[in-house]
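Heads up, the thing below is written out as structure tokens.
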Amino acid sequence: MTPNIDYSLHMVRLVLTFPPKLERIVAEAMITAQQRPRFTVQRGYGHGFQHRPTADELIHGRAERIVLWSLIPAQEIDALLDFLRRHVRSKDVLWWVEPVLHVGDLA
């Protein structure tokens, strides 16, 4: 049985990583964005610092980070990133976009 895949929507995955102190502002921005993206958030640790590490981060060799994943139609990603830049405005937020080959559910 082949999966029910809609190839008419070209989806991408937006990935954001940021320190826990920014979790609320990033989540609020995502929730209020016109694109209304659905997203998942998970706590983790970053190794290798993109920011000035705290003493605790230097001692432990890692930084607590939040990772946010969101699937969004490719044609909406630029507008969402512009919105996030206006509402979050932080060098501590690293982002990238990945292609999504297939999307579907298992029903």
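The values are calculated or read from the model by the stated rules, or taken from the named source; none is laboratory data. Keep in mind that what you see is a predicted model, and the values were worked out from it rather than measured. Cβ: placed from backbone, ideal geometry, glycine included. Neighbour counts: every protein chain shown.
On the stretch given as the stretch 15-34, residues that are surrounded by 14 or more Cβ atoms within 10 Å (Cβ to Cβ) and either of a type outside the set (A, V, I, L, M) or over 12 Å from the mean Cα position of the chain (by Cα) (or both) total 7.
Scan the stretch 20-47 and report the pairs whose first residue is within 15 Å of D82 (Cβ to Cβ) and whose second residue is aromatic (F, W, Y) and part of a helix (DSSP H, G or I), with Cβ atoms within less than 6 Å and a gap of 6+ or a chain change. Short answer, once both residue conditions are applied: A33/F83. Please go through the stretch 36-45 and pick out each residue that is outside any strand (DSSP E or B) and exposed (fewer than 14 other Cβ atoms within 10 Å of the Cβ). Within the stretch 36-45, R36, R38 qualify.
The single condition among (1) part of a helix (DSSP H, G or I); (2) at pLDDT 95 or above that I59 does not satisfy is (2).
Summed over the stretch 77-89, residues that are more than 14 Å from the chain's Cα centre (by Cα) and touching a residue at least 40 places away in the same chain (Cβ under 8 Å) total 2.
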